[in-house]
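Input: a single structure, listed below in structure tokens.
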Amino acid sequence: MEAYAQFAQTLLGAAKFCLLPLSVAILVRCVRSMLSERYEPELWAYLRLGRETLPVCHWENIIGRSRGADLRVDRAGIGRVHAVLTRSDRGLWRVYDVFEQGGVWVNGVKVGESGAPLAHGDVLNLAGTNTRFLDISPEKRGSLANARTSAGHTVPPFLTLIYLTAFQLLLLLEHALSASREHLPAIALGFCTLILLQWGCYNAMRLINRSGFEVETLAFYLSSLGMSVAASSTPEDLYKQILLTVASVVLFLLFGWWLRNLKRVSVMRIPMALLALALLAVNVALGGTSYGAKNWLEFGGFSFQPSELVKAAYIYVGAATMDRLYRRRNLFGFIGFSAVCVIALALIGDFGTALIFFVSFLVISFMRSGSIATVFLAVSGAGLAGFLAVSARPYIAQRFASWGHVWEDVYDTGYQQTRAMSAAASGGLFGKGAGAGWLKDIFAANTDMVFAVVCEELGLLVALCMVLAMLTLALFAVRSARHGRSAYYAIAACAAMSMLLVQLALNVFGSLDILPFTGVTFPFVSRGGSSLLSCWLMMAFIKGADNRRDASFAVRPADRDSGRRPEEDEGEVRRT
Amino acid sequence: MKKITNRAVSVLLIAALVVVGMVVYILRFVDNGRDWALYFSRANSGSTGELIDRRGQTLASFSPEGSLFAGDAFTRTANYHVTGDFWGRSGTGLLSAYWTDMQGYDLIRGTTQAESSILRLSIDTELNKTAYRALGEDRKGAVLLCNYRTGELLCMVSGPSVDPADADAVPGDGAYINRCLSSAFTPGSVFKLITAAAAIENIPDIEQRSFYCEGKTTVAGVDIICSGEHYTQTFEQALSNSCNVAFARIAIELGQDTMVKYVRDYGLLDGHELDGIPTAAGSYPTEFVGDPELGWSGIGQSTDTVNPFALLRFVSAVANDGVLTEPHMLLDGGEPERTRLLPQETAQRLGEMMNYNVVSHYGGEERFPGLPLCAKTGTAELGDGTSHAWFAGFLSDEEHPYAFVVLVERGGGGLTVAGELANTLLQAAVNG
């Protein structure tokens, strides 16, 4: 027994120091693949303007004098943002007049508010400047698309996934050495499920010829840390967590597939908004109260937080295609929807989530309108509302009062934060080993203080990798926005990542007394099924925006597009 | 799309804030990680340690398997202010004070296993129990007893106390404060020892003087009231009578500067350390006050406060011919520091006078059977009808060289309340 204990200790020590190199390897490979691999634009059509030929690289393009215009036409009388040129799923082009001065004509017919169709060879007149629109045939587009760098070209995802599997097996080993015997089967099942899921997804993607797997890899990496936290804190509840992980990944795939078709997505926005409001209404009416916030519903043994699902729905509703961006009433509709959501969350008492929604609202409305004035207005309005909330709810005021003073009251207002900081520091850089910490036994450690649990058990460096993984996803969302087909995907991906980052910041910095303690979850890692589900749904938005060649199952490849064949050969274009 | 992309910087802004926050955390972690980690580290460093009293009885221990307090609830409660706890509720217990030394920490490995730390204490658990029983559950107070030759502290009890092993215990008011170390109280007449020592050194004919008391004296129009009418008395009699009139006049004659000098020299104005645990400072009017106030301050009223541990240092110096052997609880701490607090003649004369107090006024053999006791009572009026009961002194006995301080907060009369407790304590200390 003595010898076994010693052997286990040695093994644990060795495993401990391998987790970090593996984390770093996974992260570096994903960063290289996502952020530094070549990412050429797609090419859909051309706009000929005198001797110039402007490539049309997106499904949604701004034509105008502005530097920020996708098709820059710097002629007298043309507005900074003069017209919007869009392409539908079926390959039909349409032009909209958004400047409303100077006018837009297609083949001499003035374009009205609802836009006008535009076909190959049509003459597009912008405030007196004539341009010619030249579409590209599907065959040609296919060969152009094939010339782009495919995802995973320089950094094959296969090896990254091998590293991830090794990481998960090491975590399992560490748990096997520290957990009690009765919980071993559940813990083993948990990690094996993750391994099977990720390889299953990977192979499915290979089958449909998709090679971008970094988003999934990072999500599985974070989910593994989440599984580790759940295994050490609540091993008796692990089967639920496993079930919800499987459900989350399945829903991620379904939702990603759903996002392929922009028309389908657009049509469902209103029903989705109604669904979100209904969920919140049910929550306001029937929610169970836990620690100030009544933010969960009970369903056959599963407690479920509607506000988590509403997060994905909110982004789904909030993001918009570009032709809608320039119609103000759409933005007002969204502002109204946001206000109802935030007020409902405030009624529920879930101010952390309300804050997350609010920041996402800012990001979405800024991305939609580009207006800093709107943002300032919203911020001051929310500042007032926040002040009222703080003065009306004593427990929130108390959290603000104890902020920065947690060590002065370690048994009451600073109870959680001081323990989180103490445990996090006691883990040092490499941690005490999975399952070997003490913070996990403190109330809400596996949700609100999860960063500290990871610091204590796996070390500060792995915890930093966890944060860096989220930052990588955010940078990737921004990078993808530039190449996206539609503003919808770009806005959705950026909003999803800002939502998750704000959530991360509130969770991590709240537990470390850098921000007031709000009690929100760390994406993927905090225990809780609805939270995990919502994080995976967010990843579908990123996949929707990932427009690298053959990268994402949520993007229909260009060469298999059901586009309309243009009547003329575009050889003419090349001659000019 | 370009415009949308440009607006995506809002996400980068949030990402930048996350990075800033992480940097702030890392800087704080590097700076305070040690304090944070050890505050609640309990046994997760893998370290082991033990507190053992002078009889070899384990008071508290911790190891990776857990931490525990030994003995029954009463023992744990009586010794709580010596041990402290693993959670830092009492700031002054040994576990709180030595917790960080009893385990390792470094930035890279976090908490680490320190060498097994066994702290051997001079404390006698049984004596603590006797003292705590005598003080009672309902009274607040402080009891200290040390060997004035070696400096070993045998008894330190503060009431109310709490059982550290009982998670559901409802602690009494101030149970986490060690009154011996962390508080200072109005001393009343025990303070006359200081005035007397200053008088012995500064008034050459003090022994030839006679002091007349008719129940009060008027200083600059203000009455200083005495506890009785003592009429003509010598210096020695004045101390045993605890005559306010005589000592107020002595203090006024000595002057405020001299009084302040002696109070300071005897260590009553400063905080000290008991094995590195800081103790509270006392107070005395150091800014100019008029004669009436000076008179009151000379008899331990006015704004005087005295910390029980500081008073123990003074009486043990008096007992040890003027040389203070610094009181301590840790037995393996090396040779204790020795400092001369007062000249040998002063100490001996004061000791004789304290013995005269006991023999002539406190009931001598009858109240304190078998004890060669030198002591002074104090009944510190608090102005609300209550008074702190003090009794401080020592045994002039080479076999049992014990100095002690007993304080019962708002306990009543010095002799009847604190004196009786002191007798119980001393009988137990001497007779085992």
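Every number here is computed from the coordinates shown, using simple stated rules; none is lab data. Since the structure is predicted, the reported quantities are computational estimates derived from the model, not experimental observations. For neighbour counting, all protein chains shown are included, and Cβ atoms are generated from backbone atoms with ideal geometry for every residue, glycine included.
One table, with the values for the structure above:
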quantity: Ranked by how many other beta carbons lie within 10 Å on average, peptides A:549-555, A:14-20 from highest; calculated: A:549-555, A:14-20
quantity: Quotient of C-alpha Rg and 2.2 N^0.38 Å, computed over the range B:100-226; calculated: 1.68
quantity: Peptide-level mean, for B:19-30, of C-beta atoms on other protein chains within 10 Å; calculated: 5
quantity: Principal axes of the range A:45-146: Cα extent on each, largest first, Å; calculated: 40, 26, 21
quantity: Quarter of the Cα convex hull surface for chain B, i.e. its orientation-mean projected area (nm²); calculated: 28.3 nm²
quantity: Under 24 Å from B:Lys216, Cα to Cα: lysines that are on another chain or at least 8 residues apart; calculated: B:Lys192, B:Lys376
quantity: Convex hull volume per residue in cubic angstrom - Cα atoms of the range A:351-435; calculated: 159 Å³
quantity: Cα-based convex hull volume of the range B:180-431 per residue, rounded to whole Å³; calculated: 119 Å³
quantity: Trypsin sites (Lys or Arg not before Pro) restricted to DSSP loop in the range B:31-107 with at most 12 other C-beta within 10 Å; calculated: B:Arg55
quantity: Debye-sum result for the range A:148-205 in log10 I(q)/I(0), which assumes one identical scatterer on each alpha carbon, at q = 0.15, 0.20 Å⁻¹; calculated: -0.53, -0.77
quantity: Long-range amide H partners of B:Ala60 with built H, under 5 Å; calculated: B:Leu51, B:Ala70
quantity: Largest-first principal axis extents of the Cα set of the range A:81-194 (Å); calculated: 79, 31, 22
quantity: Rg/Rh ratio calculated on Cα atoms of the protein assembly as shown (Kirkwood radius); calculated: 1.18
quantity: Peptide-level mean, for B:105-114, of C-beta atoms on other protein chains within 10 Å; calculated: 5
quantity: Quotient of Cα Rg and 2.2 N^0.38 Å for the range A:158-263, N being how many residues it contains; calculated: 1.14
quantity: Where Rh is the Kirkwood radius over Cα pairs, Rg/Rh for the range B:84-143; calculated: 1.14
quantity: Computed [θ] at 222 nm, deg cm²/dmol, chain A (DSSP H ≥ 4; -39,500 (n - 2.57); rounded to nearest 500); calculated: -19000 deg cm²/dmol
quantity: Environment charge at B:Asp270 (Cβ cut-off 15 Å; Lys +1, Arg +1, Asp -1, Glu -1); calculated: -2
quantity: Whole-Hz couplings from phi, Karplus 6.51/-1.76/1.60, listed for the range A:254-266; x for Gly and Pro; calculated: 5, 5, x, 4, 4, 6, 4, 9, 5, 5, 4, 4, 4
quantity: 29 Å Cα-Cα threshold exceeded, pairs from A:Lys16/A:Lys543; A:Lys311/A:Lys432; A:Lys240/A:Lys543; A:Lys140/A:Lys311; A:Lys440/A:Lys543; A:Lys432/A:Lys543; calculated: A:Lys16/A:Lys543; A:Lys311/A:Lys432; A:Lys140/A:Lys311; A:Lys440/A:Lys543; A:Lys432/A:Lys543
quantity: Dimensionless Rg ratio for the range B:343-432, taking C-alpha atoms and the 2.2 N^0.38 Å reference; calculated: 1.09
quantity: Proximal charge balance of B:Val260 [Cβ under 12 Å; K/R count +1, D/E count -1]; calculated: -2
quantity: Projected area averaged over orientations for the range A:422-556, convex hull of C-alpha atoms, nm²; calculated: 8.8 nm²
quantity: Number of partner chain Cβ atoms within 10 Å, mean per residue of B:89-97; calculated: 0
quantity: Relative contact order %, chain A, counting alpha carbon pairs below 8 Å whose residues are six or more apart; calculated: 20 percent
quantity: Sparse-neighbourhood loop sites, trypsin sites (Lys or Arg not before Pro) in the range A:443-501 - DSSP loop, at most 12 other Cβ within 10 angstrom; calculated: none
quantity: Per-selection Kirkwood Rh - the range A:157-552 (Cα, Å, 1 d.p.); calculated: 21.4 Å
quantity: Protection proxy ranking of A:306-315, B:415-424, A:334-343 - average other beta-carbon atoms within 10 Å, highest first; calculated: A:306-315, B:415-424, A:334-343
quantity: Cβ crowding within 10 Å averaged over residues, with A:535-541, B:219-225, A:487-493 ranked highest first; calculated: A:487-493, A:535-541, B:219-225
quantity: Amide H within-cut-off set for A:Phe99, under 5 Å, with H built and near neighbours excluded; calculated: none
